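All remarks here apply to the structure that follows.
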Ligand SMILES: [Zn+2]
């Protein structure tokens with residue numbers, strides 16, 4: 001998973017948006033190739049959450065859930 005790899009170019013400072021992370025209490029610089037709103041750590045959390053939701057949705061639709 002590239003979004004989990006801190007060293008990946010898609011997580012490099014080149015993608016920083018100049019904002020702070022939108023997560024409450026987080027002051028890290030926001031911006032990855034996936035979104036300008038979250039810092040690396042919170043983007044990973046967010047993407048994990050989305051992946052889990054998508055997987056659950058898929059399981060439900062396929063009658064596995
Ligand atoms: Zn953050």
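The values are calculated or read from the model by the stated rules, or taken from the named source; none is laboratory data. Note that the structure is a prediction, hence the values are computed from the model and not measured. Glycine gets a Cβ as well: all are built from the backbone with ideal geometry, and neighbour counts include every protein chain shown.
For the range 1-11, how many residues are surrounded by 14 or more Cβ atoms within 10 Å (Cβ to Cβ) and within 16 Å of the ligand (Cβ to nearest atom)?
2
In the range 23-65, what count of residues is obtained for those that are part of a helix (DSSP H, G or I), exposed (fewer than 14 other Cβ atoms within 10 Å of the Cβ) and within 11 Å of the ligand (Cβ to nearest atom)? Reasoning before the result, please.
First pass over the range 23-65, keeping only residues part of a helix (DSSP H, G or I): 40-61.
When the remaining residues are screened for being exposed (fewer than 14 other Cβ atoms within 10 Å of the Cβ), the result is 41, 45, 48-61.
Those left that are additionally within 11 Å of the ligand (Cβ to nearest atom): 41, 45.
Total satisfying the criteria: 2.
For the range 6-23, check the following and say yes or no: at least one residue is modelled with pLDDT of 95 or more and in contact with a strand residue (DSSP E or B) (Cβ under 6 Å, 6 or more places away or on another chain).
Taking every residue of the range 6-23 in turn, at least one turns out to be modelled with pLDDT of 95 or more and in contact with a strand residue (DSSP E or B) (Cβ under 6 Å, 6 or more places away or on another chain).
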